[in-house]
Amino acid sequence: DIKLGDQVQREMTVMFSDIRSFTRISEKFTPKENFDFINHYLGYMEPVVMRNNGFIDKYIGDSIMALYSLSVNDAINSAIEMRAKLQEFNDDLQMNGNEHIDSGIGIHTGDLMMGIVGGRSRIEGTVISDHVNLASRLEGLTKIYGAPIIVSQDSLIKIEKPTQYSFRFLDIVKVKGRMSSVNIFEILDGEKINQRKLKLDTKEDFNKAIQLYRNRQFEESEEL
């Protein structure tokens, strides 16, 4: 019942999740071990997306791209739960003598075109929008900022009852492929309890340090 060119435009939240340094990890595995590892990992993560009203658009190697059309909260809750599941996965790895892994998650909300693309021999559903690219870029920024979950301001302002989450402002960034700058925030609820407490306890100093940095008062900023 579908054909090339079928499409619909609607606002959705896009989430990208990626294993950190997977290329380095995969070098130790045989091809079969690589596929077993990825499928084992996805077996932990895929149900989390489904439980939170998400739809997995595609797997890109070790990355997951998921869409949420009902609420930004669903995407945030998915990200937090995925971080908890990652700990379970790491406990499993440890029991089998393997090293721990880490992940990064980027979340952004905007209007997307969802439809059918391809040719005569193969078609598939996909989404087209610069908002998808931005969500992917935010995931990449998690490595630079040391923040497991980064969301854009466009997502943050659409959260129902924002006070139910712990978060802090990170920066104003201009990502590759986008002209305008984006305010980004770190969701802290996916952190381990001690790490979350440290970030919350130092939040005021952190905010002051960012403001000093933006005012080019670099020495004072570095001290804080």
| query | When residues of region 22-40 are filtered for being farther than 23 Å from ASN53 by Cα and in contact (Cβ under 8 Å) with a residue 40 or more places away in the chain, how many remain? | reply | 2
| field | Pair list, Cβ under 7 Å, 6 or more apart: region 41-68 residue free of Cβ contacts under 8 Å to residues at least 40 places away in the same chain and in a strand (DSSP E or B), other residue buried (at least 20 other Cβ atoms within 10 Å of the Cβ) and of a type in the set (Val, Ile, Thr) | value | ILE56/VAL49; ILE56/ILE64
| task | Look through ASP171, ASP154, ASP74 and report the one residue that is touching a residue at least 12 places away in the same chain (Cβ under 8 Å), open to solvent by less than 40 Å² (accessible area, probe 1.4 Å) and closer than 28 Å to SER221 by Cα. | result | ASP171
| query | Counting only residues that are within 19 Å of VAL132 (Cα to Cα) and of a type in the set (A, V, I, L, M), which one in region 164-213 is farthest from the chain's Cα centre (by Cα)? | reply | MET179
| message | Here's a check for you: in region 95-112, which residue that is charged (D, E, K, R) and not in a strand (DSSP E or B) is modelled with the lowest pLDDT? | response | GLU99
| query | Only one of (1) open to solvent by less than 30 Å² (accessible area, probe 1.4 Å); (2) farther than 23 Å from GLN164 by Cα; (3) polar (S, T, N, Q) fails for ASN96. Which number is that? | reply | (1)
| query | If we scan region 113-127, do we find a residue that is at pLDDT below 95, of a type in the set (Lys, Arg), assigned to a helix (DSSP H, G or I) and out of contact with any Leu (no Cβ under 7 Å at 6 or more places or on another chain)? | reply | no
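The values are calculated or read from the model by the stated rules, or taken from the named source; none is laboratory data. As the structure is a computational prediction, the values presented were derived from the model and not from experiment. Cβ: placed from backbone, ideal geometry, glycine included. Neighbour counts: every protein chain shown. Ligands, DNA and RNA are stripped out before the accessible areas are found, and what is left, the full protein with its side chains, is counted by its heavy atoms. Shrake-Rupley method; radii C 1.70, N 1.55, O 1.52, S 1.80 Å.
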